[in-house]
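Take a look at the structure below.
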């Protein structure tokens, strides 16, 4: 005897088989079975949670000025009185001259440095323009030739003057052979 299957039964069976091949819109449940195979240790980094930054409640206090740091001169201000710093002084045998180096702790481009020697006969002087750099104004090397400075003990002083600043060094002793 031969069994005839109805076309509707075949259609229904085909539909059931194909239903397993069509992607589902609902996620499959996570598997809870464990295996003896190695498991991955990759982790998902946590997401950053934004936090509120507090608003400042008052204006910050101004920093106190560092007295060792030079300040740029401002035209129109009353003349600032500065200390002129002597960096070297003495008789140079090679050049046959008195040489004195100095600087002022302010950045300016219109200053003049003057070396004055006292204590012997006369008061020889040498002058140079101030040379501004990043943190000071250099007087460079102020030089008086030996022909202008007779032998003896001299007191050297460097003065500085600009449109906004003035100053003088402490005196230093120079021996001329």
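The values are calculated or read from the model by the stated rules, or taken from the named source; none is laboratory data. Remember, it's a predicted structure, so these values are computed and weren't measured experimentally. Every residue, glycine as well, gets a Cβ built from its backbone with ideal geometry; the counts of neighbours run over all protein chains shown.
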The one condition in (1) closer than 23 Å to residue 164 by Cβ; (2) not in a loop (DSSP other than H, G, I, E, B) that residue 134 fails to fulfil = (2)
For residues that are surrounded by fewer than 18 Cβ atoms within 10 Å (Cβ to Cβ) and assigned to a strand (DSSP E or B), scanning just the range 139-160, find the one that is nearest to the chain's Cα centre (by Cα).
-> 140
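Which residue, of 68, 78, 73, 126, is modelled with pLDDT of 95 or more and either surrounded by 12 or more Cβ atoms within 10 Å (Cβ to Cβ) or outside any strand (DSSP E or B) (or both)?
Working: 68 fails: modelled with pLDDT of 95 or more; 78 fails: modelled with pLDDT of 95 or more; 73 fails: modelled with pLDDT of 95 or more.
The match here is 126.
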